[in-house]
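So the structure is just underneath, and the comments pick up after that.
The values are calculated or read from the model by the stated rules, or taken from the named source; none is laboratory data. Quick caveat, the model's predicted, so the values are computed rather than measured. Backbone-built Cβ (ideal geometry, glycine too); neighbour counts: all protein chains shown.
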Amino acid sequence: MITLTDAFESGKTLCEFCMQENITLAEAMIRREIAMGEMSREEILEEMHKSLLVMRESIRRGLEEHVESVSKLSGGEAMRLFRYAKYEPFSGANTCRVAASAMAVVEVNAAMGQIVAAPTAGASGILPGVLLEIGVEREWSDEKLVQGLFCAGAVGLLFAKNATISGAEGGCQAETGVGSAMAAASIVELSGGSPEQALDAAAMTIKNVMGLVCDPVAGLVECPCIKRNALGASNALLCADMTMCGITSLIPFDEVVAAMLAVGHDIRREYRETAMGGLATTPTGKAVAEKVHRFQEFERGRATI
C-alpha cells in the first residue's frame, strides 16, 4: 500500500496512489496540502481560488488594457493576436485565443503587474491561458478550474522534486516545458482523463521541447519568453488532444522527467538564462541589450537627482 507521504516520489507512485484511493491527481494534491499545513480543506480551496482570480485578471489586463514593459520591448501583441482570432487563423480560433491569453499574462508580468508563477514568472502564461480559455469555451465553473490548478500543481511538484523548473538549471524546457505539461495534464483530467492519461499528456509536451534553451534578450523575461508561452500553450492543447483520442507516450512520464534533467545539465551555461548565447547574442539581441542598458543607466541617474 502506498501512503500519501510516498505518493509524490514519482509519477508512477502517484498514479498508483490515485488508483488505490480512486481519486484524481487534484484530490491527491489537496490531501497533501492538508497533511503538510495547518489549513482546512476549505481554506486551501479558497487560497487556490484567489490564485485563479489573479490569473483571470492578468489575462484580462493583457487583452483589454494597453500594457507596456518598462524596457519598452513588449506590450500589445497579445491583444493583437486575440483580435486576429476572429479572422480564420491558420492555427484555429481557439488555439489563437489560448495563445494570446498566455502571452497576455507574461506581458503583464513584464509591465510589473501581478501574476501567478506557474511554475515560474517566465512561464506564467501557459497554465492560465490554457485552463481559463478552455474553461470559457466549455463553461467550466470556478470550482472545476480550481481542481485543474491542483492537478497542475501535482504535475509541477513532480518536476520540481525529480528534475527542475529553473531555466538557470535546465533551460527553457524546464520553464515553458513544465508550464505546458501542467496545463496539458489539467485539461485532460478536467475532461475526464485518468491520472495516467494526464501524465501521458505532460510527458508528450516535454518530449516536444526537449533541449529548449533559455536565452533571454538583454536578460529580460520578454524576448523570446512571451512568444514561447504562446508555443507552450499550443503544445499543451495538442498533447491533450492526442491523449484524449487514445494516443500514449512511448516513454513513461518518469523517464521523460529524468531525460529532461539530464539534457538540462548537458546544456551549456550560455544557454541557461545567462543571456550569453542564442538569441541574446545575435546582432539585434546585442543592440537591444545595449539600448536597455543605456536606458537603465539613465533611469538610475535620474533617480539619484
Legend entry - Residues being buried (at least 24 other Cβ atoms within 10 Å of the Cβ) and polar (S, T, N, Q) - total across segment 102-124: 2
Inset, instruction - Please state which of the following conditions Leu238 fails to meet, knowing it meets all the rest: (1) under 28 Å from Leu131 (Cα atoms); (2) among the hydrophobic types (A, V, I, L, M, F, W, C); (3) surrounded by 19 or more Cβ atoms within 10 Å (Cβ to Cβ). - result: (3)
Inset, instruction - Have a look at Ala28, Ala35, Ala7 and point out the one that is closer than 22 Å to Leu131 by Cα and small (Gly, Ala, Ser). - result: Ala28
Legend entry - segment 186-225, residues that are surrounded by fewer than 24 Cβ atoms within 10 Å (Cβ to Cβ), assigned to a helix (DSSP H, G or I) and of a type in the set (Gly, Ala, Ser): Ala218, Gly219
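Residues checked against (1) touching an Asp or Glu at 6+ places or on another chain (Cβ under 7 Å); (2) within 30 Å of Ala218 (Cα to Cα); (3) free of Cβ contacts under 8 Å to residues at least 40 places away in the same chain:
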residue: Ser10; (1), (2), (3): yes, no, no
residue: Thr13; (1), (2), (3): yes, no, yes
residue: Glu16; (1), (2), (3): no, no, yes
residue: Leu73; (1), (2), (3): yes, yes, no
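Could you please find all residues in segment 166-185 being surrounded by 24 or more Cβ atoms within 10 Å (Cβ to Cβ) and among the aliphatic types (A, V, I, L, M)? It would help to see each step written out before you state the result.
To start, the set of residues in segment 166-185 that are surrounded by 24 or more Cβ atoms within 10 Å (Cβ to Cβ) comprises 167, 170-185.
Selection gives Ala174, Val178, Ala181, Met182, Ala183, Ala184, Ala185.
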Legend entry - Candidate set from segment 75-101 (those that are in contact with an Asp or Glu (Cβ under 8 Å, 6 or more places away or on another chain) and among the aliphatic types (A, V, I, L, M)); member that is surrounded by the fewest Cβ atoms within 10 Å (Cβ to Cβ): Met79
Inset, instruction - May I ask you to verify whether Ser166 is at pLDDT 95 or above, touching a Gly at 6+ places or on another chain (Cβ under 8 Å) and within 17 Å of Val106 (Cα to Cα)? - result: no
Inset, instruction - Say whether the condition of being acidic (Asp, Glu), in a helix (DSSP H, G or I) and under 21 Å from Gly122 (Cα atoms) is met by at least one residue in segment 264-286. - result: yes
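Every residue in segment 15-31 that is surrounded by 19 or more Cβ atoms within 10 Å (Cβ to Cβ) and either modelled with pLDDT under 95 or assigned to a helix (DSSP H, G or I) (or both), please.
Once the filter is applied, which keeps residues that are surrounded by 19 or more Cβ atoms within 10 Å (Cβ to Cβ) and either modelled with pLDDT under 95 or assigned to a helix (DSSP H, G or I) (or both), segment 15-31 yields Cys15, Phe17, Cys18, Leu25, Ala26, Ala28, Met29, Ile30.
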Legend entry - Among (1) in a helix (DSSP H, G or I); (2) over 22 Å from Ser186 (Cα atoms), the one test that Arg228 misses: (2)
Inset, instruction - Could you please tell me which pairs satisfy a Cβ distance under 6 Å, a separation of 6+ or placement on different chains, a first residue in segment 54-66 that is of a type outside the set (Gly, Ala, Ser), and a second residue that is surrounded by fewer than 16 Cβ atoms within 10 Å (Cβ to Cβ) and modelled with pLDDT of 95 or more? - result: Val54/Gln114
